[in-house]
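K.L.:
I'd like to ask you about the structure that follows.
The values are calculated or read from the model by the stated rules, or taken from the named source; none is laboratory data. The shown structure was predicted, so the numbers you read here are calculated from the model rather than taken from an experiment. We place every Cβ from the backbone using ideal geometry, glycine too, and count neighbours over all the protein chains shown. Keep in mind that these areas ignore ligands, DNA and RNA; they rest on the heavy atoms of the full protein, side chains included. Shrake-Rupley method; radii C 1.70, N 1.55, O 1.52, S 1.80 Å.
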Amino acid sequence: MSQPTGENTAVEDFDVIVVGGGPAGATAATAVALRGHRVLLLEQQTFPRYQIGESLLPSTVHGVCRILGVEDEVARAGFKTKRGGTFRWGRNRDPWQFSFALSPRLADPTSFAYQVERSRFDAILLDNARRVGVEVRENCRVKGVLADDERVRGVSWTGPGGELREARARYVVDASGNGSRIHTEVGGRRTYSDFFRNIAVFGYFAGGGRLPKPNDGNIFCAAFDEGWIWYIPLRDDLTSVGAVVSRESAAEIQQDPVAAWRRLIHSCPEIRDLLHGVPQATEVPYDQVRVRKDWSYWKSQLWRPGMVLVGDAACFVDPVLSSGVHLATYGALLAARSINSGLAATLDEGRLFDEFEARYRHEYSLFYEFLVSFYDMHQDERSYFWKARKVTNVSAPELEAFVELVGGLASGDSTFGGLGAAGARLAAASSDLDTAVGRLPDSDGLRNPLFESPGIRQVFQEGAVLQERGVFGGPLEDETPRRPGGLVSSDDGLTWREAR
């Protein structure tokens, strides 16, 4: 899709061009503009627009949003407070709580997130990008990139009236989502996970039951024979409900999504009871039942000279832990650090973007590993869905891809490798998680057994550092490189620097 510059096409110049105005694109654009650079953001749609992915993690709210200067506005928006997750999942038939607080009885000031209507949340981030100087143009469709043998130089796009336009920049950020038309300009394959080869059908109800306070804003995830269901309280009169099932159910779902959605909800007693007598939402855009396939994938290469992938253009992993917006905004912030440092010419470009890719892939791999173990923890040997999602059934090609994802570049651990080691690592993670959840009923309320698990602490470690950076202006402990020769973040989170 690389295209030459048209002779009669007006060409504009910027420092950075961002394709896509969702959380990843708005984060990258804002973080670069905050350093005084000229940024053009091209968005295909007109905001506000509908998007799935309503459940956030604290790292986005108290880390990224604060770094971008938008945390207070998000707080004023009146979104439902989320203190963790409630799960009917695992060997115990009773629901259990995943609290963001280290102690269930003593929550710290940032141990919460929000359930958000993405149309409103995304618009807040995009409007904030405008406020800090980003040139935002909506209803613009990017057609391709402008590139030569050395690097990507810009993009071509059509404006609202269909006119062909071009712009050049030192860097192009593809944040245009899982339907990206330009991600192939960054080499490497897109690897789809067979383990998470699922299909989701989702819609909305005009209300619904709520969990007992203070957990009434929690996401509720309930496993049942055919898969699992999410239940997200967005407002008192609006609840997001989606079923994640095997791709073998695709024919039924595609034939009649509404009927399949209602049947799956009826098959899960915990969710069915919360929705007894509650009508389906009729408010636009929540009046539709939608379908999404192929939840989990990653690109084996995330940058080339002049171009970087972030958000769903780069990777996505199964939504059970609400990691989508976190990975998107975190990856975008990493990319912005590399871009800001590259524009300032403070460090070698290759080294800057290798740091971006290493950290982004590592963060993705932690969530991937955690979620494989989370699926494996559920005990239901009668169900085809759950039998197929045991660690012992992770295919050899997927294990090979996992080794490539987490080894060497991603984690700095050059000794990690081999299918046997990968399988043992996943099995150990599952056992560790199962043990931690099993300790919850005996908790004295003064500690959170989940955060005593090394695996769970590691998954949320980088999110905690983001929160510290947002709240305190930097991590509470001196940051050290994640790999030999690696870089660390500046105190404001917007550039890379050498470790002291």
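K.L.:
Which of the following residues is open to solvent by 10 Å² or more (accessible area, probe 1.4 Å) and either touching a helix residue (DSSP H, G or I) at 6+ places or on another chain (Cβ under 8 Å) or without any contact (Cβ under 8 Å) to a residue 24 or more places away in the chain (or both): Arg66, Arg38? Explain how you work it out, then say what you get.
P.N.:
Values: Arg38 fails: either touching a helix residue (DSSP H, G or I) at 6+ places or on another chain (Cβ under 8 Å) or without any contact (Cβ under 8 Å) to a residue 24 or more places away in the chain (or both).
Being open to solvent by 10 Å² or more (accessible area, probe 1.4 Å) and either touching a helix residue (DSSP H, G or I) at 6+ places or on another chain (Cβ under 8 Å) or without any contact (Cβ under 8 Å) to a residue 24 or more places away in the chain (or both) holds for just one of Arg66, Arg38, which is Arg66.
K.L.:
Then there's this: Of all residues in segment 88-121, count the ones that are of a type in the set (Asp, Glu) and modelled with pLDDT of 90 or more.
P.N.:
Applying the first criterion (of a type in the set (Asp, Glu)) to segment 88-121 yields 94, 108, 117.
If we keep only those that are modelled with pLDDT of 90 or more too, we end up with 117.
Qualifying residue count, segment 88-121: 1.
K.L.:
Return only the number of the condition from (1) touching a Phe, Trp or Tyr at 6+ places or on another chain (Cβ under 9 Å); (2) surrounded by 17 or more Cβ atoms within 10 Å (Cβ to Cβ); (3) among the polar types (S, T, N, Q); (4) at pLDDT 95 or above that Ser176 does not satisfy.
P.N.:
Of (1) touching a Phe, Trp or Tyr at 6+ places or on another chain (Cβ under 9 Å); (2) surrounded by 17 or more Cβ atoms within 10 Å (Cβ to Cβ); (3) among the polar types (S, T, N, Q); (4) at pLDDT 95 or above, only one is false for Ser176: (1).
K.L.:
Check every one of the strands (runs of 3 or more DSSP E) wholly within segment 180-257 and list those with 3 or more residues that are closer than 30 Å to Val284 by Cβ and touching a residue at least 24 places away in the same chain (Cβ under 8 Å).
P.N.:
Working: elements: 190-192, 198-205, 219-224, 227-235, 238-246.
Once the strands (runs of 3 or more DSSP E) in segment 180-257 are filtered for at least 3 residues that are closer than 30 Å to Val284 by Cβ and touching a residue at least 24 places away in the same chain (Cβ under 8 Å), what remains is 198-205, 219-224, 227-235, 238-246.
K.L.:
While we're on this one: Just for segment 1-45: of the residues that are of a type in the set (Asp, Glu) and at pLDDT 95 or above, which one is farthest from Ser489 (Cα to Cα)? Working first, answer last.
P.N.:
Of the residues in segment 1-45, the ones of a type in the set (Asp, Glu) are 7, 12-13, 15, 43.
Within this subset, residues satisfying the condition of being at pLDDT 95 or above are 12-13, 15, 43.
Working: Glu12: 31, Asp13: 28, Asp15: 21, Glu43: 29 Å.
Per the stated criteria, the residue is Glu12.
K.L.:
Please verify whether segment 159-170 includes one or more residues that are closer than 20 Å to Tyr286 by Cβ, among the hydrophobic types (A, V, I, L, M, F, W, C) and touching a Leu at 6+ places or on another chain (Cβ under 9 Å).
P.N.:
So the first thing to find is which residues in segment 159-170 are closer than 20 Å to Tyr286 by Cβ, and the list is none.
There is no residue in segment 159-170 that is closer than 20 Å to Tyr286 by Cβ, among the hydrophobic types (A, V, I, L, M, F, W, C) and touching a Leu at 6+ places or on another chain (Cβ under 9 Å).
K.L.:
Looking only at segment 137-172, filter to residues that are under 28 Å from the mean Cα position of the chain (by Cα) and of a type in the set (S, T, N, Q); which one of those is most open to solvent (accessible area, probe 1.4 Å)?
P.N.:
Ranking the qualifying residues of segment 137-172, first place goes to Asn139.
K.L.:
Would you tally the residues in segment 329-358 being open to solvent by 10 Å² or more (accessible area, probe 1.4 Å) and either assigned to a helix (DSSP H, G or I) or modelled with pLDDT of 95 or more (or both)?
P.N.:
Of all residues in segment 329-358, those open to solvent by 10 Å² or more (accessible area, probe 1.4 Å) come to 342-351, 354, 357.
Retained after the next criterion (residues that are either assigned to a helix (DSSP H, G or I) or modelled with pLDDT of 95 or more (or both)): 342-345, 347-351, 354, 357.
Adding up the residues that qualify gives 11.
K.L.:
List every residue pair whose Cβ atoms lie under 6 Å apart, where the two residues are 6 or more positions apart in sequence or sit on different chains, the first residue falls within segment 431-458 and is without any contact (Cβ under 8 Å) to a residue 40 or more places away in the chain and basic (Lys, Arg), and the second residue, located anywhere, is open to solvent by 30 Å² or more (accessible area, probe 1.4 Å) and part of a helix (DSSP H, G or I).
P.N.:
Here the result reads Arg457/Phe451, each pair linking segment 431-458 to a residue that is open to solvent by 30 Å² or more (accessible area, probe 1.4 Å) and part of a helix (DSSP H, G or I).
K.L.:
Please find, among Glu462, Glu468, Glu452, Glu479, the residue that is among the acidic types (Asp, Glu) and open to solvent by 70 Å² or more (accessible area, probe 1.4 Å).
P.N.:
Details: Glu462 fails: open to solvent by 70 Å² or more (accessible area, probe 1.4 Å); Glu468 fails: open to solvent by 70 Å² or more (accessible area, probe 1.4 Å); Glu479 fails: open to solvent by 70 Å² or more (accessible area, probe 1.4 Å).
Exactly one residue qualifies, and that residue is Glu452.
K.L.:
Taking the stated definitions as given, is Ala206 of a type outside the set (Phe, Trp, Tyr), open to solvent by 10 Å² or more (accessible area, probe 1.4 Å), on the phi < 0 side of the Ramachandran plot and modelled with pLDDT of 95 or more?
P.N.:
Numbers: of a type outside the set (Phe, Trp, Tyr): yes; open to solvent by 10 Å² or more (accessible area, probe 1.4 Å): yes; on the phi < 0 side of the Ramachandran plot: yes; modelled with pLDDT of 95 or more: yes.
Spelling it out, Ala206 is indeed of a type outside the set (Phe, Trp, Tyr), open to solvent by 10 Å² or more (accessible area, probe 1.4 Å), on the phi < 0 side of the Ramachandran plot and modelled with pLDDT of 95 or more.
K.L.:
Restricting to segment 454-500, give me the number of residues that are in a helix (DSSP H, G or I) and farther than 15 Å from Glu363 by Cα. Step through it out loud before you land on a result.
P.N.:
Kept after step one, since they are in a helix (DSSP H, G or I), are these residues of segment 454-500: 454-472.
Pick out the ones that are also farther than 15 Å from Glu363 by Cα and you get 454, 467-472.
Residues flagged as in a helix (DSSP H, G or I) and farther than 15 Å from Glu363 by Cα within segment 454-500 amount to 7.
K.L.:
Do you know which of the residues in segment 381-418 that are modelled with pLDDT of 85 or more and in a loop (DSSP other than H, G, I, E, B) is most open to solvent (accessible area, probe 1.4 Å)?
P.N.:
Arg382
K.L.:
Another question, if that's okay. Could you list, ordered by first residue, the pairs with Cβ atoms under 7 Å in which the first is in segment 372-392 and among the hydroxyl-bearing types (Ser, Thr, Tyr) and the second is surrounded by 14 or more Cβ atoms within 10 Å (Cβ to Cβ) and assigned to a helix (DSSP H, G or I), at least 6 apart or interchain?
P.N.:
Filtered contacts from segment 372-392: Ser373/Leu426; Ser373/Ala429; Ser373/Ser430; Ser373/Leu433.
Conditions tested, residue by residue: (1) touching a strand residue (DSSP E or B) at 6+ places or on another chain (Cβ under 7 Å); (2) over 18 Å from Asn128 (Cα atoms); (3) of a type in the set (A, V, I, L, M, F, W, C); (4) open to solvent by 10 Å² or more (accessible area, probe 1.4 Å).
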| position | (1), (2), (3), (4) |
| --- | --- |
| Gln45 | no, no, no, yes |
| Pro48 | no, no, no, yes |
| His62 | no, no, no, no |
| Arg76 | no, no, no, yes |
| Phe79 | yes, no, yes, yes |
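K.L.:
Same structure again: Exactly one condition in (1) open to solvent by less than 20 Å² (accessible area, probe 1.4 Å); (2) within 26 Å of Val64 (Cβ to Cβ); (3) modelled with pLDDT under 95 is false for Ser300; which is it?
P.N.:
Condition not satisfied by Ser300: (1).
K.L.:
Further question on the same structure: Kindly indicate whether Val291 is open to solvent by 30 Å² or more (accessible area, probe 1.4 Å) and without any contact (Cβ under 8 Å) to a residue 12 or more places away in the chain. Give the derivation first.
P.N.:
Numbers: open to solvent by 30 Å² or more (accessible area, probe 1.4 Å): yes; without any contact (Cβ under 8 Å) to a residue 12 or more places away in the chain: no.
No: the conditions fail for Val291.
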